[in-house]
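Report on the structure given below.
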Amino acid sequence: MSKAFAFAGARVGYLAADPAVVDALRLVRLPYHLSALTQAAALGALAHADEMLAMVDEIRGQRDRITRELAGMGFTPYRSGSNFVLFGGVADPPAVFAALLERGILIREIGLPGCLRVTAGTEAETTAFLEAIALFAPNDPSTTPE
């Protein structure tokens, strides 16, 4: 539920499995693994599944937009089936991370050389990220000699 329902903070998910697998997992789960509040929030989210799943389509569209535009700037986005994009071609990841953070844009520096990771969000968030990261693009037209 963390990805599809933007519910990461709730730490709730679900399992669809063969009944034998479910029975085996019931033997090892903690007795109070979810609070009543978390369960109520999850049920509320499921009651509005259509609206929540519409967000998935929007996020997928923004993820694909990020991938296309980063590639056009000369970065190397890696294929993603999730709500984030890992991309390479970053000259100085710690410096770019810090510069984006100063602009109010929070992405992830994950320790891979030359790489950063960005989560797809709203259209406005994506636009802000793309405008800011363009300043650090490998083929930034403003740094190309004429």
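What is the chain's relative contact order, in percent, from Cα pairs under 8 angstrom and six or more apart in sequence? Please report the intermediate quantities before stating the final value.
Numbers: 155 pairs, mean separation 29.1, N = 146.
That works out to 20 percent.
Using Cα springs under 10 Å in a Gaussian network model of the chain, which residue among Pro77, Pro31, Pro113 shows the largest mean-square fluctuation?
Maximum among the listed residues: Pro31.
Taking springs between alpha-carbon atoms closer than 10 angstrom, which of Ala16, Ala120, Ala36 fluctuates most in the Gaussian network model of the chain?
Maximum fluctuation in the GNM of the chain, among the listed residues, is at Ala16.
Per residue of the chain, what 222 nm ellipticity follows from adding -39500 (n - 2.57) for every DSSP H run with n ≥ 4, rounded to the nearest 500?
Values: 5 runs with 68 residues, N = 146.
Rounded to the nearest 500, it is -15000 deg cm²/dmol.
Among the chymotrypsin sites (Phe, Trp or Tyr not before Pro) in the range 57-90, which ones are in a DSSP loop with at most 14 other Cβ atoms within 10 Å of the Cβ? Mind listing them? Write out the running numbers ahead of the final one.
Values: sites: Phe75, Tyr78, Phe84, Phe87; in loops: Phe75, Tyr78.
Answer in residue order: Tyr78.
Test of the criteria: in the range 1-69, which chymotrypsin sites (Phe, Trp or Tyr not before Pro) are in a DSSP loop and have at most 15 other Cβ atoms within 10 angstrom of their Cβ?
On the way: sites: Phe5, Phe7, Tyr14, Tyr32; in loops: Phe5, Phe7, Tyr14, Tyr32.
Counting only loop positions with at most 15 other Cβ atoms within 10 Å, the chymotrypsin sites (Phe, Trp or Tyr not before Pro) in the range 1-69 are Tyr14, Tyr32.
Which helices of the chain meet both criteria: a Cα extent of 27 Å or more along the helical axis and a mean Kyte-Doolittle score no lower than -1.0, with helices taken as whole DSSP H segments? Don't skip to the end; give the middle numbers.
Values: long enough: 49-73 (36 Å, -0.48).
Length and hydropathy pass: 49-73.
What trypsin sites (Lys or Arg not before Pro) does the range 15-70 have in DSSP loop regions with at most 14 other beta carbons within 10 Å?
Numbers: sites: Arg26, Arg29, Arg60, Arg63, Arg65, Arg68; in loops: Arg29.
Those satisfying the criteria are Arg29.
At Leu34 and Leu15, where each label point lies 7 Å from the Cα along Cα→Cβ, what is the point-to-point distance in nanometres?
1.2 nm
Between the range 3-44 and the range 91-109, what is the separation of their alpha carbon centroids in Å?
Here the two parts' Cα centres lie 34 Å apart.
Each reported figure results from applying straightforward, stated rules to the coordinates on display, with no laboratory input. The structure presented is a predicted model; accordingly, all values stated were derived computationally and were not measured. As a convention, Cβ positions derive from the backbone with ideal geometry for all residues, glycine included, and neighbour counts pool all protein chains shown.
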